[in-house]
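Working notes, beginning with the structure itself.
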Amino acid sequence: FPEFDHKKEVIDPFSEEENHDQAFQEELTEVLLNALMKTHAWSTGRLTYESFAAAEKFEAGISNILRSKKIEAR
């Protein structure tokens, strides 16, 4: 019988799988961090946009009231 090479049959495949798992974990961490940063940037920007839109709507309402007052004053 040929000699059983435990390193080739047991240890090397285990080490390769462990290295593959480590690479996968690093890639997954990078993707998740990127998604988290994009979501944070989007949500922060959205608040700014909504505040700006609300201010424009409020100013338009005030302009309508002032215009109505001018028409009534005539």
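Placing a pseudo-label 7 Å from each Cα along the Cα-to-Cβ vector at N19 and L33 gives an inter-label distance of 2.3 nm. The C-alpha atoms of the chain define a longest principal axis, and helix 12-73 lies at about 0 degrees to it. Once Rg and the Kirkwood radius are both taken over the C-alpha atoms of the chain, their ratio Rg/Rh works out to 1.73.
The numbers here are math on the coordinates, done by the rules we state, and not lab data. It should be emphasised that the depicted structure is a prediction, and the values quoted were computed from it without experimental measurement. Using ideal geometry, Cβ is built from the backbone for each residue, glycine included, and neighbour counts are taken over all protein chains shown.
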